[in-house]
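Heads up, the thing below is written out as structure tokens.
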Amino acid sequence: MQHHEEIPEKIRATVKRAQRSGMDKEADVKRVTRRCLAHFDTQFHFMPPANAYGKAGISDILCVIEGRPVAIETKFGSNKPTVNQKNFGKAWADAGGLFLVVTDRNIVDMMMRIYTFIYECDSHVELYNEH
């Protein structure tokens, strides 16, 4: 088990390695996001399949870290969340979870928001990231 103070530097190093090798599609953002999530001690994440049988708008990655619910929508380039994805994020945040839109340009910042939510916030109800 690592000390949680080490997590920010490990996340920065993970993203830096990924940026050097290139991120050029949303699948790359998802891969790097999952690698960053692995740095948190107690975490579980699930990626619901995107198909006709799922709920429209559900986030790409649903996770629980240290008992706190986090939903992550990943995007690449100038892509933005759909109305259904925004609605899911608002409902998630209203229920006390953290909803973030992680892109190739903000991945370190968003991982630090997760870190703050997990280790430095007293409440589940702050930090809704509206895009």
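Go through segment 101-121 and give me each residue that's of a type in the set (A, V, I, L, M), under 23 Å from residue 50 (Cα atoms) and out of contact with any His (no Cβ under 9 Å at 6 or more places or on another chain).
102, 107, 110, listed by residue number.
Hey, any hits in segment 96-107 for a residue that's loosely packed, with under 13 Cβ neighbours inside 10 Å and within 15 Å of the chain's Cα centre (by Cα)?
Checked segment 96-107: no residue is loosely packed, with under 13 Cβ neighbours inside 10 Å and within 15 Å of the chain's Cα centre (by Cα).
Working only within segment 75-88, note down all residues that are surrounded by 17 or more Cβ atoms within 10 Å (Cβ to Cβ) and not in a loop (DSSP other than H, G, I, E, B).
75, 85, 86, 88
Starting from residues that are touching a residue at least 40 places away in the same chain (Cβ under 8 Å) and acidic (Asp, Glu), keep the ones in segment 8-55 and report whichever is nearest to residue 112 (Cα to Cα).
This residue is 41.
Pick from 30, 55: which is part of a helix (DSSP H, G or I) and of a type outside the set (Val, Ile, Thr)?
30
Being on the phi < 0 side of the Ramachandran plot, part of a helix (DSSP H, G or I) and not charged (D, E, K, R) narrows it down to one of 72, 7, so name that one.
Exactly one residue qualifies, and that residue is 7.
Identify, from the list 44, 117, the residue that is surrounded by 13 or more Cβ atoms within 10 Å (Cβ to Cβ), within 26 Å of residue 6 (Cα to Cα) and either at pLDDT 95 or above or touching a strand residue (DSSP E or B) at 6+ places or on another chain (Cβ under 6 Å) (or both).
Result of the check over 44, 117: 117.
What residue, of 18, 91, is more than 23 Å from residue 121 (Cβ to Cβ), surrounded by 12 or more Cβ atoms within 10 Å (Cβ to Cβ), among the hydrophobic types (A, V, I, L, M, F, W, C) and out of contact with any Phe, Trp or Tyr (no Cβ under 7 Å at 6 or more places or on another chain)? Write out each step before concluding.
Details: 91 fails: more than 23 Å from residue 121 (Cβ to Cβ).
Just one listed residue meets the conditions, 18.
The values are calculated or read from the model by the stated rules, or taken from the named source; none is laboratory data. Just so you know, these numbers come straight off a predicted model, no measurement behind them. Counting neighbours? That spans all protein chains shown, and the Cβs are built from the backbone with ideal geometry, glycine included.
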